[in-house]
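Please treat every number below as a calculation from the coordinates, not as lab data. Source: prediction; values computed, not measured. So basically every Cβ, Gly included, is an ideal-geometry build from the backbone, and we count neighbours across all protein chains shown.
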C-alpha cells in the first residue's frame, strides 16, 4: 500500500514539473477568471469623478489608511497615524455584524423567568370534590393547571439562552464594525486620558456650594453645550464615548444627558454599541486594545522557526506629537 | 379568699400617690425658700468656686435657689435656626472668586408686624395669585442672568459653516497657507501646531495670493513670507474674527478661476494641515476616510460640502411611475391615511375642530387624561 502511495506522489510531482516547464502564455489562453475583465488596450486617464460616492469608490488603499488623533474635548487634530486596512478598512459584511449582534444579544439574556408546575405549587393534594354525584366535572387537586392558582403547564424555567459564535467570526465582526464607522466618518479618535474639562469657576464651588441638584443641572446644560458645539449631540444622532477606565467628570456629565449619548468603559463595549449611535468617540489606547483583542483571524498560533506570525502593526505615527 | 392578694395595699395606693401629684406639689421656689441651709452654703462656698474656676465663676452662685436668665426661646425648628446663624457668616472665599451665579442663602421672612412698620403700604395676599412665584431650583440655570460666558464651552472650531461658497473660500485660504509653509520648508514642523485664526485683513491678504496649477503642481504668486510669518508666530487666544458672509463669499469665489482646485494633495502633511485649518475656520471636520480619498482640492470640497443624499421614499418612487397615477381607482399617499385625513377629505374636519375648541376640548390627543373608566365599571371589567 505504502509503495503505491509513494508512486502516486511521484506521479503528481512529475506532473508539477511538467506544468512548471510549460510556458505561462499557454495557460493564460485556456483559463478565464469569473470576473468581468476590462479591456487592457485602452488606458485612458479616468475622468475626474464628480460625486462624493465616485471619489470614495475610486480610493482603494492597499495597506494602510490614515487616522487622525484629536485632543478632547476641543477636538483639535494633533497627530496622524497609519492603521492597517485589515484593522480599519475592512469591507462591510452585514452578515457578520448580524451574527455578532445576535450572539451578544443571546448571551446578555438574563434567562431567569420561572414558573411553578403543578408539582411545585404549595398545598395539599386532597381531592377537591367527590369523583361522582356532584353533577360537576371530575376534579383532582387544587394545583391542577386548569385552576386559578394552579400550576403552569410548560411555563418558562430558568435557562441559558447563550449561543456560540466562532471566535474568528466574532473578531472580524468587531473590526468590521470599527471599519464601517471609519468609512462613514463616524469614528473620532482622541488622545489618551480623554476626560471632560470643566470650567474653573465651576470647580471652585462644585464640591461644597452646589447642592439640591444644582450641580447636576449645571453639568446637564454644560455637557449639552459641549456636545452641540462639537456636533456630537442629539442632532447628530447621539454619541458613544469609550474610555479606558471610569473618568469621573465625563461619566457624571454624560449621565445627565442620556438623550445626547452615552459613555462606556472598555470592558462594557459591544459590537452593537459601536453600531448604535451617530458618532463614536474612542481613546487611542481603547482602539488599540479593541483591535488587539479582536484579531484572532489575523494572528497565527503556529510557531514557525521559533516565531509566531503576529497581526499587522497597530497604528504607526506619521506626524504630530 | 380575696381574688387579688394584698387588696389592702392597693386601696391605700391612691392615698400614697396623692401628695406627690403635680397639682399638690409645693412650687420649687417655695421649697427652696424653706430650706435653711442654702444661703449659708452660698456664702461659704464662694471661695472654693473661685479656686475651682480660677477667677470669676460662671453661672449663679447658688444654682439651686437662683435661676439663670431664660435664653431667648425660638419656636423655629433646629434647621431653621442653623440657617439663621449661617447668615451671619461672611460669603465663602470660593463663592466670591467664582463667577457663577449661585442661589442666595436662605433667609427668614420678616414677620407681618415688622414689615408693616417698615413698609406701611404692604397688603398681605388673600389669593394664590397674589403671592410671589419662585421658580424651582431645577430650572436655576435656565433662568435669565444665571448662565454666563464663563460657562460656555469653546472648542477648537467655532460653529459650523453651512454655506458652500464660504467653505470654498476658507478652503482656498487653508490651501494657500499650507502651500506657503511647504514652500518655506516649515510645514513638517508646523503642520500639527495651532495656527492663529487671524483677522479679516489677514484673510484678504492671504486670498490675494494667486495659485497657478500645472499638472496638479501648484505655484503661489504673492507675498508668502508675510503669511508664513503670521502663521508661525506665537498663538494668542483671540476672539475669532467675524466670518465672511455668504453673499460676500459668493462674489469673491466667482471671481476665481476654477483651475486652482486641481491642485494635487498627495502629501500626508499637506492634507493633515489643510484638514486642521478647514476645521478651525469652518467647523467642518473632514473624516479620515474622505481625506484619504481626496486627491485634489476639488475632491476635498466635493466631499465636504455635498451632503449625503438619502434614498428615495417609496411614495417618491411611485410618483415618478406613471402606471399607478393613470389608474382612476388608485391614489398614492406619502404617508398612512388616518382618521383626520379622512375627515379632511370629506370636508368635516374644520367643523369638528371648531366644535372641539368651542368646548375647550383637545383637538388631537387626550390632553393627558385617562381613558373612560366608567365604561369598564359598567361592563364589570374593573
>> For a quick size check, give me the Cα extents of region B:315-366 along its three principal axes, largest first, whole Å.
In response: 47, 19, 12
> Which whole number gives the average count of other chain Cβ atoms within 10 Å of the Cβ atoms across peptide B:146-157?
Replying inline: 6
>> Using alpha carbons only, how many angstrom separate the centre of region B:328-352 from the centre of region B:164-182?
In response: 53
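Within 10 Å of each Cβ in A:204-214, how many Cβ atoms from other chains are there, averaged over the peptide? Before the final figure, lay out each step's value.
Values: counts 9, 9, 3, 1, 3, 8, 6, 2, 5, 4, 7.
Per residue, the number of nearby Cβ atoms from other chains is 5 on average.
Please sort B:282-292, B:368-378 by packing, taking for each peptide the average over its residues of neighbouring beta carbons within 10 angstrom, highest first.
Ranked from most to least packed, the peptides come out as B:282-292, B:368-378.
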>> Residue by residue through B:191-201, how many Cβ atoms from other chains fall within 10 Å of the Cβ on average?
In response: 2
> Hey, can you rank A:188-194, A:146-152, A:67-73, A:211-217 by average C-beta count inside 10 Å, highest first?
Replying inline: A:67-73, A:188-194, A:211-217, A:146-152
